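Following: one structure in C-alpha cells, then a few remarks.
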Amino acid sequence: MGEPQGEAFDYVVVGSGAGGGTVAARLAEAGMSVLLLEAGRDSAAAPAPGLPEDYDVPAFHPFASENKAMAWNYRVHDFGDDADRRAGTDACGRRGVLYPRASTLGGCTAHNAMILMAPPDSDWNAIADLTGDSSWRAAAMRRYFQRLENCRHRPLWRFIARITGGRVNPTGHGWDGWLDVEVPTPVEAFGDRPLVKAILSAIAADLDVGAGQSLARFGAAIVRLIERNRRFLIGEDDPNDWRLQGRLAEGLTLVPLATRRGRRRGARERVRDAIKAHGLSVEFEALATRVLIDERLHAVGVEYRKGRDLYRARPEPASAPADIRRVFARREVILAAGAFNTPQLLMLSGVGPVEELSRRGIDVRVALDGVGRNLQDRYEIGIVHRTHRPWECLDGIAFEVGDAAHRQWEQGRGMYRSNGAAVAFSLRSAAARVQKSEPDLFVMALVTRFTGYFTGYSDLIRKSRGDLSFVILKAHTNNRGGRVSLFSADPRDPPAIDFSGFEEGTDVGGEDLDAVVEGVERVRGMARKVPGILEPEDTPGADCDGADRLKEFVRRHAWGHHASCTCPIGPKDAGGVLTSDFRVHGVYDLRVVDASVFPRIPGFFIVCAIYMVAEKAAEVILDAASAKV
C-alpha cells in the first residue's frame with residue numbers, strides 16, 4: 001500500500017452509537033487525537049420535520065424511528081414467508097421485514113426506547129469462561145456500569161454515597177457518570193382509574209394466589225410474595241440494583257430510562273461534550289467503505305465516501321456518485337458500525353469467509369469464517385386488547401409539539417417523560433425454571449397499539465386512544481443460525497440479513513418458541529382478570545387458541561430489534577472473530593466495539609451492555625497505548 005498519505009489521527013472510529021461514541025469520547029478525554037466517522041448528520045440539531053422533538057421527547061421515540069432525517073430502513077428475513085409479515089421493498093429491490101436503524105449522531109441511541117438495564121452477572125461470567133479472561137467477570141464489569149451511570153432515581157442511596165465518599169453503596173449504582181438515568185412515573189398515567197385497575201390485576205395474576213389452588217401452589221406463591229416484599233425493601237424493584245441478581249430478579253420491575261429531566265440522553269450528548277471539552281473530531285456524512293490494511297496486515301486507516309444519504313438503507317437514497325476519501329490511524333482503527341455494518345465493512349475489506357468474499361470478487365486478506373455469522377436477536381410479540389373506553393391519561397394528547405402534554409413536558413412533567421411503559425415485570429419460562437437460570441421473559445404493558453415494525457407503524461401509535469398492548473420479550477434465545485452476508489461488493493448496498501428464526505435456525509428443540517407461547521398464555525391469564533376494563537382480545541384474538549395455533553401466530557408475527565453477535569469474541573476455530581481485548585483475529589491494530597462483539601445476546605435490553613463494553617474497550621485500548629510508550 002505504501003506510506004500513508006493524508007490526514008492522520010491516533011485513532012479512527014467508525015460509528016457514533018453506544019459503542020463508537022462512548023469509546024471515542026473516552027479516548028479523546030485521555031488526550032488522544034480521535035476522528036469519529038458518522039454516515040449521517042447530527043439530525044437532532046439540523047432543520048428537519050419532527051426534529052428535535054422526535055429525538056428529545058421520550059414518548060416520541062416511535063416517530064424518531066420513522067423520521068426520514070435519520071432512518072436507515074433495513075429489509076430483513078425473520079422466518080417463513082416475508083410476504084405474510086407486512087414486508088416492503090428496499091432501494092435495491094429486495095423484499096423483507098422492516099428493521100429500523102438510525103443514521104445520525106448517536107446511532108440507534110437516537111431512536112431507541114431509552115431503557116437502561118444491566119445484563120445479569122451470568123452473561124459476563126460466560127464470556128470470562130469462554131476466553132479465560134477474568135477481566136470479564138461480573139464483579140469486574142460492574143465498575144464500567146458505575147463509570148457510565150448517573151443514577152437519579154435512588155435519592156436516599158445517592159445521598160448516602162455522597163456523604164460517605166462512595167464507600168457505602170450496596171446498590172452498585174453509579175452516581176457521577178455521564179449518562180443520566182431516571183424512572184418516570186407520570187401522575188397522569190397512574191391517576192387513570194382503569195389503568196390502575198389493569199396494573200393491579202396484572203400483579204394479582206402474577207402472584208398466582210387464588211381460591212381452589214393446591215397447597216403446593218399456594219406455598220410457591222407465598223415464597224414469591226416474600227421475594228417481592230424483599231425486593232421492595234431492598235431496591236424498590238430496581239433492576240439495576242446489584243443486590244437483585246438471581247432469583248430476586250423475577251417479578252414487578254421499574255423501567256429505568258436514559259433521560260435527564262425527561263429529555264433523551266445517549267451517545268449523542270457524550271460525543272458533543274467530548275467535541276467541546278476534549279477536541280474530539282467528527283466527520284459527518286462519511287460512509288465508511290473499507291478498512292485500509294497494509295501488506296503486513298496492519299490496519300492503517302479507513303476509506304470512506306463523502307456525501308449525504310449515500311447508503312441505500314435510507315428512505316430516499318442519493319443516486320449521485322460521491323467523493324472517495326481516506327483517513328489514517330497512527331495507532332488503531334476501531335469499528336463500531338453495528339451488527340449489520342461492521343461485518344459488512346470487514347468483508348468489504350477482505351476479512352471474512354473465503355467463499356463469501358470470492359463470490360463477490362473481493363481479494364481475501366484474512367480468512368475469518370465467523371464474520372457475519374452467529375447473528376442473534378430476541379423474539380417479541382404483542383397481545384392487544386381494546387378498552388371499553390379511551391384512556392383518561394391520553395385525553396387531549398395529540399403527540400404533537402404544542403399540545404397540553406408537550407407543554408407539561410417542557411416544564412419537566414407529564415406523560416411525555418415516559419416511553420409508554422405503564423408497568424413491566426419479568427418471568428421465568430418453564431425451561432428457565434428447570435435450568436434455574438435468570439428470568440427470560442420480560443413483559444411491558446403499553447397504553448397504545450404495538451404489534452411490531454412496519455412502514456407507518458408509528459402512525460397507529462399516534463392515533464391509538466383505547467388500546468392496551470402486552471409486549472412479551474424472550475431473552476437469552478437459543479438460535480445462532482442468523483447471518484449477515486454481502487448483497488454485492490458495492491458498499492452503498494445494505495447487506496443481506498437473514499435471522500433464520502425458530503426452526504429455520506439452530507433451536508431445533510423449539511425451546512424459544514415454547515417460552516414465547518408460555519408468555520402469551522401467562523399474559524392472557526392476567527388479561528382475563530381485568531373485567532369491565534378490556535374488551536375481548538383483539539390480537540391475536542380468541543379464535544387463536546391451543547398451543548399449535550399460538551405457535552403459528554408467534555412464528556408469523558414475532559419481531560426483534562436488538563441485532564447482535566455477528567463478530568463475536570471467541571476462539572477463531574470456534575467461529576470467533578475477536579480476542580477478549582476486542583482485536584480482530586489476524587489483523588493488527590483493528591478492533592471492534594459494538595453490539596456484534598457478544599458471543600451470546602446479553603440481558604433483556606442490549607444498549608447498557610454495549611455502553612459497558614465500550615467503557616471496558618476504552619480502558620483496554622489506553623492500557624495498550626501506555627504499554628507501547
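The values are calculated or read from the model by the stated rules, or taken from the named source; none is laboratory data. Just so you know, these numbers come straight off a predicted model, no measurement behind them. Positions of Cβ are backbone-derived with ideal geometry, glycine not excepted, and every protein chain shown enters the neighbour counts. Side chains included, ligands, DNA and RNA excluded: accessible areas come from the protein's heavy atoms. Shrake-Rupley method; radii C 1.70, N 1.55, O 1.52, S 1.80 Å.
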Shape call for the stretch 44-109 from the C-alpha gyration tensor, a ≥ b ≥ c root eigenvalues: rounded (a/c under 1.5), prolate (a/b greater than b/c) or oblate?
prolate
How about residue 474: which lysines have a C-alpha closer than 22 Å to its C-alpha, ignoring those fewer than 8 places off in the same chain?
436, 551
Residue 143 to residue 573: extension gain in nm, 0.36 nm per residue of separation minus the Cα-Cα distance?
151.7 nm
To the nearest Å², the heavy-atom accessible area per residue of the stretch 445-521 with 1.4 Å probe amounts to 31
Can you give the angle from 0 to 90° between the axis of helix 607-628 and the longest principal axis of the chain, with both taken from C-alpha atoms, to the nearest 10?
30
With +1 assigned to the C-beta of every Lys and Arg and -1 to the C-beta of every Asp and Glu, and no other charges, what is the dipole magnitude of the chain about the Cα centre in debye, to the nearest 20?
1200
Between rounded, prolate and oblate, where does the stretch 384-467 land on the alpha carbon gyration tensor, with a ≥ b ≥ c its root eigenvalues, rounded for a/c under 1.5, else prolate if a/b exceeds b/c?
prolate
Run the simple label-point estimate for residue 134 and residue 545 please: 7 Å along Cα→C-beta, distance reported in nm.
5.9
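Assuming R0 = 25 Å, can you tell me the calculated FRET efficiency for the pair residue 308 and residue 330, based on Cβ-Cβ distance, to the nearest 0.05?
The value I calculate is 0.30.
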Which FRET efficiency value, to the nearest 0.05, do you get for residue 624 and residue 364 by plugging their Cβ-Cβ distance into 1/(1 + (r/R0)^6) with R0 = 22 Å?
0.20
Placing +1 on the Cβ of each Lys and Arg and -1 on the Cβ of each Asp and Glu in the chain, which of 96, 275, 24 has its Cα farthest towards the positive end of the resulting dipole?
275
Need the full-extension length gain, residue 403 to residue 528, defined as separation in residues times 0.36 nm minus the C-alpha distance. One decimal, nm.
41.5 nm
Using the reciprocal of the averaged 1/r over all distinct C-alpha pairs, how large is the Kirkwood radius of the stretch 551-629 in Å?
14.1
Quick one: accessible area per residue over the stretch 568-629, 1.4 Å probe, rounded to a whole number of Å²?
30
For the stretch 385-412 versus the stretch 422-493, the gap between their alpha-carbon centres in whole angstrom
25
Does the stretch 5-71 classify as rounded, prolate or oblate by the C-alpha gyration tensor (a ≥ b ≥ c root eigenvalues; a/c under 1.5 gives rounded; else a/b over b/c gives prolate, otherwise oblate)?
prolate
Relative to the first principal axis of the alpha-carbon coordinates of the chain, what is the inclination of helix 511-527, with its axis defined by its Cα atoms, in degrees from 0 to 90 and to the nearest 10?
40
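At 0.36 nm per residue, and after removing the present C-alpha to C-alpha distance, how many nm does the segment from residue 125 to residue 81 gain when stretched out fully?
12.1 nm
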Ignoring ligands and nucleic acids, what accessible area does residue 572 show with a 1.4 Å probe (Å², nearest 10)?
110
Ignoring ligands, DNA and RNA, what percent of the 1.4 Å accessible area of the stretch 563-629 is carbon and sulfur?
56
The summed charge of the residue 350 Cβ neighbourhood (under 9 Å; Lys/Arg +1, Asp/Glu -1) stands at +1
Charge tally for neighbours of residue 487 with beta carbon under 14 Å away, counting Lys, Arg as +1 and Asp, Glu as -1, is +3
Calculate the FRET efficiency for residue 535 and residue 581 from the Cβ-Cβ distance with a Förster distance of 56 Å, rounded to the nearest 0.05.
0.50
Around residue 419, with a cut-off of 12 angstrom between Cβ atoms, what is the net charge of the other residues, counting Lys and Arg +1 and Asp and Glu -1?
+1
Per residue, how large is the accessible surface of the stretch 355-412? Use a 1.4 angstrom probe and give square angstrom.
46
Whole-number D in µm² s⁻¹ for the stretch 544-595, Kirkwood Cα-pair radius fed into Stokes-Einstein, 10 °C, 1.306 mPa s:
115
Distance from the stretch 328-374 to the stretch 18-59 (C-alpha centre basis), Å:
25
Per-residue accessible area, 1.4 Å probe, largest first, puts 164, 455 in the order 455, 164
Helix-only [θ]222 nm of the chain, DSSP H runs n ≥ 4, -39500 (n - 2.57) each, per residue, nearest 500:
-9000 deg cm²/dmol
State, as an integer percentage, the relative contact order of the chain based on alpha-carbon contacts under 8 Å between residues 6 or more apart.
21
